[in-house]
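This report concerns only the one structure given below.
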Amino acid sequence: MQKFIKTIDNIISKERLSSYSSADEHCKNLRTIAILTPNIAMVEISIRNIVDFYLKQIYGTEWIKNSSQEQILAEKDSIDKRFKIADLSHNQYLSNFSFGKIIYLAKENHLQTYIFENLNELDFKEFSDSNRNFFFFNNRKNDFSDIDKADILLSLLLTIRNRCYHWENILKIRSVNNQIYPRITHRLNDTNIGIMPKELKKFLSIVLDKFIGII
């Protein structure tokens with residue numbers, strides 16, 4: 001058996017390092033993720049429990065176990081196969097639902113504006129100069145509705161969470177015609193809304209403070 005050669009390229013992998021300018025930038029990315037993680041965790045825990053609170057009112061306290069919905073049944077079955085325990089509690093199921101599935105359920109059950117408050121105060125331009133707070137439809141300017149804003153927030157939060165928890169490069173930006181754009185974006189109504197790397201901490205803090213309202 002060949003011996004593993006412990007170089008930076010081998011330990012981190014050339015493929016992973018290829019998206020960074022240097023190994024130092026890779027380490028900076030990990031440090032940034034470490035700074036963001038507490039707020040990411042608070043966002044996920046908060047949204048998970050808010051969604052559960054309202055779904056219990058709609059479907060009953062055991063909405064996971066008693067559900068006939070295909071999406072919920074598939075998630076429950078996946079959790080059952082992982083844990084192989086005869087009788088998981090509701091909270092055990094809830095804590096093991098993927099965050100993406102929780103967001104899907106929030107949108108499917110129209111809970112967006114129950115999760116977020118004060119959406120009239122949301123200014124996407126705080127997070128990138130390329131953002132705007134409106135879109136065009138039939139050549140007419142339309143402001144994003146509160147549902148639109150909430151959907152954008154949920155999608156951006158899921159992207160940030162997944163990229164951080166898979167140690168992906170969250171420092172990336174795009175340059176088009178000498179203009180800088182975020183790589184973490186969500187597209188709605190043919191309009192891109194994104195978060196620049198330097199604004200990620202601010203974005204998460206504002207979401208928790210002003211829009212979820214727990215800080």
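The values are calculated or read from the model by the stated rules, or taken from the named source; none is laboratory data. Treat the numbers as computed from the prediction; the structure is a model and nothing was measured. As a convention, Cβ positions derive from the backbone with ideal geometry for all residues, glycine included, and neighbour counts pool all protein chains shown. To get the accessible areas, we keep the full protein, side chains included, count just its heavy atoms, and leave off ligands, DNA and RNA. Shrake-Rupley method; radii C 1.70, N 1.55, O 1.52, S 1.80 Å.
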Based on Cβ point charges of +1 for Lys and Arg and -1 for Asp and Glu, what charge dipole magnitude is obtained for the range 1-104 about its Cα centre, in debye rounded to the nearest 20? 340
Quick one: which residues, 5 or more positions from Arg183 or on another chain, have an amide H under 5 Å from its amide H? H modelled 1.01 Å from N in the peptide plane, none for Pro or chain starts. Arg174
For P(r) over Cα pairs in 10 Å bins from 0, in percent, calculated from these coordinates, the label among [x] 9, 33, 31, 18, 8, 1, 0; [y] 8, 35, 36, 16, 4, 0; [z] 7, 28, 30, 23, 10, 2, 0: [z]
Name the long-range amide H neighbours of Phe134: under 5 Å, sequence gap of 5 or more, or other chain; modelled H, no Pro or chain starts. Phe144
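Go through the range 34-101 and name the GluC sites (Glu not before Pro) that are in a DSSP coil and have 15 or fewer other Cβ atoms within 10 Å of their Cβ. Please report the intermediate quantities before stating the final value.
Values: sites: Glu44, Glu62, Glu70, Glu75; in loops: Glu62.
Taking the range 34-101 and a limit of 15 other Cβ atoms within 10 Å, the loop GluC sites (Glu not before Pro) found are Glu62.
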Relative contact order computed over the chain (Cα-Cα under 8 Å; 6+ residues apart), in percent: 22
accessible surface per residue for the range 19-101, probe 1.4 Å, DNA/RNA/ligands not counted, whole Å² -> 57
When the accessible area of the range 143-197 is computed with all protein chains present and a 1.4 Å probe, what percentage of it is carbon and sulfur? 42
Of the cross-linked pairs Lys101/Lys125; Lys76/Lys201; Lys107/Lys149, which ones have a Cα-Cα span greater than 24 Å in the structure shown? Lys101/Lys125; Lys76/Lys201
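Treating only the Cβ atoms of Lys and Arg (+1) and Asp and Glu (-1) as charged, compute the dipole magnitude of the chain about its Cα centre; round to the nearest 20 debye. Intermediate values should be presented prior to the final figure.
Details: 30 positive and 26 negative charges, 159 e Å.
In debye, rounded to 20, the chain gives about 760.
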